[in-house]
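Undergrad: Dropping the structure in here first, questions after.
The values are calculated or read from the model by the stated rules, or taken from the named source; none is laboratory data. Keep in mind that this is a model prediction, so the values were computed, not measured. Cβ placement follows ideal geometry from the backbone for every residue including glycine, while neighbour counts extend to all protein chains displayed. Ligands, DNA and RNA are excluded from the accessible area calculation, which covers all protein heavy atoms including side chains. Shrake-Rupley method; radii C 1.70, N 1.55, O 1.52, S 1.80 Å.
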Amino acid sequence: MFRRCRGPHRVRGSAALFKLAFGYPIQSAGIALWDCGGNDGALNFAKFLKKHKRTVVFLVDGDSIRDKEKEFSLNRLEKYGFAEKDCLFLGDPNELEDVFSDDQWADTMNAEWPRKDEQQWTPKDVADLRSSGKFSKSLHSLLYQHSEQAPRKKESMVVELTRRCASPPTSRPR
């Protein structure tokens, strides 16, 4: 089995999440992770696998089904010969970052991206962001504004969080 990833952060994040959820490395389950260099590369790789009679399943942020402007929309998948049944949607309500608890985020933020004012991040700091647009973007902006060690890319946030997690996220793919 192959797991296509849009970039190196997704490769590292997927491996860490799999091990957290199942207790053993993803490679032990016969899954190969491939950095496809973006959505186009991922779609072309998936099309190649399907052409060669391989089963392809996409793990996609939940908001992709609602956001028709996304590069990885169902309309775009259909153009490559795939359907909604080929997708597992992750994130409640929108994306992977949503499945982690406020406590998990605050713990990671304090350990990895301390505040400039030397105060502690709290679960409330995180909870307040969940109702204001795209959570991951709001979280990354908050870190960028208030931490000198903030990750340069928002994709790095999940990688760091999964490295620190002691238990899997509570949400499951739909």
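Undergrad: What about Leu96, is it in contact with a strand residue (DSSP E or B) (Cβ under 7 Å, 6 or more places away or on another chain), open to solvent by 50 Å² or more (accessible area, probe 1.4 Å) and either under 30 Å from Asn44 (Cβ atoms) or β-branched (Val, Ile, Thr) (or both)? Break it down stepwise before answering.
TA: Numbers: in contact with a strand residue (DSSP E or B) (Cβ under 7 Å, 6 or more places away or on another chain): yes; open to solvent by 50 Å² or more (accessible area, probe 1.4 Å): no; either under 30 Å from Asn44 (Cβ atoms) or β-branched (Val, Ile, Thr) (or both): yes.
Taking the combined requirement at face value, the residue does not satisfy it.
Undergrad: Hey, can you tell me all the residues within the range 129-153 that are among the polar types (S, T, N, Q) and touching a Ser or Thr at 6+ places or on another chain (Cβ under 7 Å)? So that I can check it myself, show each step before the final result.
TA: Going through the range 129-153, the residues among the polar types (S, T, N, Q) turn out to be 131-132, 136, 138, 141, 145, 147, 149.
Once the filter is applied, which keeps residues that are among the polar types (S, T, N, Q) and touching a Ser or Thr at 6+ places or on another chain (Cβ under 7 Å), the range 129-153 yields Ser132, Ser138.
Undergrad: Additional query: Can you tell me which residues in the range 129-148 are under 21 Å from the mean Cα position of the chain (by Cα) and open to solvent by 40 Å² or more (accessible area, probe 1.4 Å)? Full working, then the answer.
TA: Of all residues in the range 129-148, those under 21 Å from the mean Cα position of the chain (by Cα) come to 129-144.
Listed by number, the residues that qualify are Arg130, Ser131, Ser132, Gly133, Lys134, Lys137, Ser141, Tyr144.
Undergrad: Can you list residue pairs whose Cβ atoms sit under 9 Å apart, with the first residue in the range 119-144 being closer than 14 Å to Glu97 by Cα and the second being open to solvent by less than 80 Å² (accessible area, probe 1.4 Å) and among the β-branched types (Val, Ile, Thr)? Count only pairs 6 or more apart in sequence or on different chains.
TA: Close Cβ pairs satisfying both conditions: Phe135/Val126; Ser136/Val158; Leu139/Val126.
Undergrad: When both residues are 6+ apart or on different chains and their Cβ atoms are under 7 Å apart, which pairs have a first residue that lies in the range 48-65 and is more than 12 Å from Cys87 (Cα to Cα) and among the acidic types (Asp, Glu), and a second that is open to solvent by less than 20 Å² (accessible area, probe 1.4 Å) and outside any strand (DSSP E or B)?
TA: Asp63/Gly91; Asp63/Glu95
Undergrad: Another one. How many residues does the range 9-52 contain that are in a loop (DSSP other than H, G, I, E, B), in contact with a Lys or Arg (Cβ under 9 Å, 6 or more places away or on another chain) and farther than 25 Å from Asn75 by Cβ?
TA: To start, the set of residues in the range 9-52 that are in a loop (DSSP other than H, G, I, E, B) comprises 23-25, 30-31, 36-38, 52.
Filter again for in contact with a Lys or Arg (Cβ under 9 Å, 6 or more places away or on another chain), leaving 25, 31, 36-38.
Checking which are farther than 25 Å from Asn75 by Cβ leaves us with 25, 31.
Final tally of qualifying residues: 2.
For (1) within 19 Å of Leu33 (Cα to Cα); (2) touching a His at 6+ places or on another chain (Cβ under 6 Å); (3) at pLDDT 85 or above; (4) not in a loop (DSSP other than H, G, I, E, B), each residue gets a yes or a no:
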site: Arg54; (1), (2), (3), (4): yes, no, yes, no
site: Leu59; (1), (2), (3), (4): yes, no, no, yes
site: Lys68; (1), (2), (3), (4): no, no, no, no
site: Asn75; (1), (2), (3), (4): no, no, no, yes
site: Phe82; (1), (2), (3), (4): no, no, yes, no
site: Asp92; (1), (2), (3), (4): no, no, no, no
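Undergrad: Among the listed residues Val158, Val126, which satisfies the condition of being modelled with pLDDT of 90 or more and either open to solvent by less than 50 Å² (accessible area, probe 1.4 Å) or on the phi > 0 side of the Ramachandran plot (or both)?
TA: On the way: Val158 fails: modelled with pLDDT of 90 or more.
Testing whether each residue is modelled with pLDDT of 90 or more and either open to solvent by less than 50 Å² (accessible area, probe 1.4 Å) or on the phi > 0 side of the Ramachandran plot (or both) leaves just Val126.
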